[in-house]
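*Asks:* One structure is given below, represented as structure tokens, and several questions about it will come after.
The values are calculated or read from the model by the stated rules, or taken from the named source; none is laboratory data. Being a predicted model, the structure only gives us computed values, none of them experimental. Cβ: placed from backbone, ideal geometry, glycine included. Neighbour counts: every protein chain shown. Heads up: the accessible areas ignore ligands, DNA and RNA and are worked out on the full protein's heavy atoms, side chains in. Shrake-Rupley method; radii C 1.70, N 1.55, O 1.52, S 1.80 Å.
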Amino acid sequence: MIKPAYILLFALLTTSLSAQEATPIPILLAQTTLGKDLSYSNRDRIDRQILSALEVGDGANNQFSVFVIRPALDIFEQGKIEGLKTQLTVKLNLQLKLTNAMTGAVLAVQDVKASGAGNNLDEAVNRALQTMRRDNPALSKAIKTFRQKISDHYIVQCSNVNTSATELASQKKYREAFAMLHSVPQGTACFQEVSAKKLEYFDLVQTAECQNKMSRANAAVAANDFKTALQILSQIDANAPCFGEAKTAIAAIEPKVDENLKTNYEWLFSFYKEGKAAETARWNAMTAMGLLYLSENKKCVLVER
């Protein structure tokens, strides 16, 4: 089942992402909007297939971006094949719209079409959807186009992004300023240009929100909601003023979590116990904070991996 972004965020960071390694440009995926006569099961299926097509390295929707693909699936033609057994036919259009979640701007639109036949409408739709997998040439081309559009955006707009973040910070909107800069992809020239300011804003957010995060995490622990507690604590890094409190809380939580959570947050437990992979822990904390910003400000409803 596809869940809202605020639920997704509690299961984030199942893999470690090194801040030192260049990665493919991340794009987030919002839930598909359905046209008439399409079911939620159709949405779940196409969401999973688009996610799979976006997967490179550490996985789609596990990294932060302000660029979101908003898909819309529609039936644009229905018909019949007459024979010994009449079959229904459908033609589908999957519109993929690349948008900036912070500004609402649309960077690009691509369409992927498919057709299928079956004994009933649902069967025909499912057969059409089978062709919209990650090896679909039109889908692959669309995603490649989107990544190039994002790369081009930061080549042209880097100074404007930096200026906008500075203006937000001057208004003490440090989370927004941080999110804007953390969205700049690794491997781009702009990434290096904004790195120092991004870390500055991240530390300001940590200072401003640390005690509030600890209060929320402690409340979640009291309710035996360890997943929520870990999701909150994963945003606190070694430079945060409440790092000591977070360390104590995480040590108390570790023996109480199930194997799934223990595996998902292995990097967090290792970092707090042994100081392992400090840069990875900081990058994960920044990514969790960025994704939480999108969720809390209702910028998009992401698809769960």
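*Asks:* Taking only protein heavy atoms and a 1.4 Å probe, what accessible area per residue, in Å², does the chain have with all protein chains in place? Write out the running numbers ahead of the final one.
*Replies:* Details: 14010 Å² over 305 residues.
Accessible area per residue: 46 Å².
*Asks:* Next question. Keeping every protein chain in place, order Ser39, Ser65 by accessible area at 1.4 Å, biggest value first, i.e. largest first.
*Replies:* Final ranking, largest accessible area leading: Ser39, Ser65.
*Asks:* Give the lysines whose C-alpha is closer than 25 Å to that of Lys141, dropping any in the same chain fewer than 8 places away, or say none.
*Replies:* Lys91, Lys97, Lys113, Lys149
*Asks:* Same structure, new question: Rank Leu139, Gln95, Leu199 by how far each Cα sits towards the positive end of the charge dipole of the chain (+1 on Lys, Arg Cβ; -1 on Asp, Glu Cβ) and give me just the farthest.
*Replies:* Gln95
*Asks:* Among the Cys residues of the chain, which have no other cysteine Cβ under 4.7 angstrom away?
*Replies:* Those would be Cys300, since no other cysteine Cβ in the chain comes under 4.7 Å of theirs.
*Asks:* How do Phe146, Phe76 stack up against each other in accessible area, from largest to smallest, with a 1.4 angstrom probe? Display every interim value, and only then the final one.
*Replies:* Working: Phe146 0, Phe76 105 Å².
Order by accessible area, largest first: Phe76, Phe146.
*Asks:* For the chain, what value does the Rg/Rh ratio take when both radii are computed over Cα atoms and Rh is the Kirkwood radius, given to two decimals?
*Replies:* 1.03
*Asks:* Please report the antiparallel percentage of DSSP beta bridges with both residues in the chain, rounded to the nearest 5.
*Replies:* 85
*Asks:* Using alpha carbons only, how many degrees (0 to 90, rounded to 10) separate the axis of helix 137-170 from the longest principal axis of the chain?
*Replies:* Result, in degrees: 30.
*Asks:* With an 8 Å Cα cut-off and a minimum separation of 6 or more residues, compute the relative contact order for segment 207-277 in percent.
*Replies:* 27
*Asks:* Still on this model: Can you tell me what percent of all Cα-Cα pairs in segment 127-181 are more than 19 Å apart?
*Replies:* When all Cα pairs of segment 127-181 are counted, 52 percent exceed 19 Å.
*Asks:* What does the charge count around Pro241 come to, taking other residues whose C-beta lies under 12 Å from its C-beta (Lys +1, Arg +1, Asp -1, Glu -1)?
*Replies:* Counting the neighbours of Pro241, the net charge comes to -3.
*Asks:* For segment 128-272, give the percent of accessible area contributed by carbon and sulfur heavy atoms, probe 1.4 Å, rounded to a whole number.
*Replies:* Working: 3490 of 6850 Å².
Whole-percent figure for carbon plus sulfur exposure: 51.
*Asks:* When ranked by the protection proxy of mean other Cβ atoms within 10 Å per residue, highest first, what sequence do the peptides 205-214, 232-241 form?
*Replies:* Numbers: 205-214: 17.1, 232-241: 21.9.
Top of the packing list down: 232-241, 205-214.
*Asks:* Additional query: What is the local net charge at Leu92, summed over the other residues whose Cβ is closer than 13 Å to its Cβ (Lys, Arg +1; Asp, Glu -1)?
*Replies:* +1
*Asks:* For labels at Thr163 and Glu200 in the simple 7 Å Cα→Cβ model, what's the distance in nm?
*Replies:* It is 1.7 nm.
*Asks:* So if I average 1/r over every pair of distinct C-alpha atoms in segment 162-275 and take the inverse, what Kirkwood radius in Å does that give?
*Replies:* Numbers: mean 1/r = 0.0652 Å⁻¹.
Kirkwood radius, segment 162-275: 15.3 Å.
*Asks:* Further question on the same structure: Give me a comma-separated list of calculated 3J(HN,Hα) values for segment 219-235, in order, Karplus coefficients 6.51, -1.76, 1.60 applied at θ = phi - 60°, integers in Hz, x for any Gly or Pro.
*Replies:* For segment 219-235, the Karplus curve yields 5, 5, 5, 4, 8, 6, 9, 6, 4, 5, 4, 5, 4, 6, 5, 5, 8 Hz.
*Asks:* Still on this structure, I have one more. Please work out the FRET efficiency for the pair Asp74 and Gln171, using the Cβ-Cβ distance as r and a Förster radius of 41 Å; give the result to the nearest 0.05.
*Replies:* 0.50
*Asks:* Would you list which lysines come within 21 Å of Lys172, measuring only between C-alpha atoms, while excluding same-chain residues fewer than 8 positions from it?
*Replies:* Answer for Lys172, where 21 Å is the Cα cut-off: Lys197, Lys198, Lys213, Lys298, Lys299, listed by chain and number.
*Asks:* Next up: Taking H placed 1.01 Å from N in the peptide plane, check which residues at least 5 places from Leu107 or on another chain put their amide H under 5 Å from its amide H.
*Replies:* For Leu107, the qualifying residues are Leu98, Thr99, Asn100.
*Asks:* Here's something else I'd like to know. Rounding to the nearest 10 and keeping the result within 0 to 90°, find how far the Cα-based axis of helix 278-296 lies from the longest principal axis of the chain.
*Replies:* The angle comes out at about 60 degrees.
*Asks:* What is the spin-label model distance, in nm, from Ala208 to Asp111 if the labels are put 7 Å beyond Cα along the C-beta direction?
*Replies:* So the two model labels end up 4.4 nm from each other.
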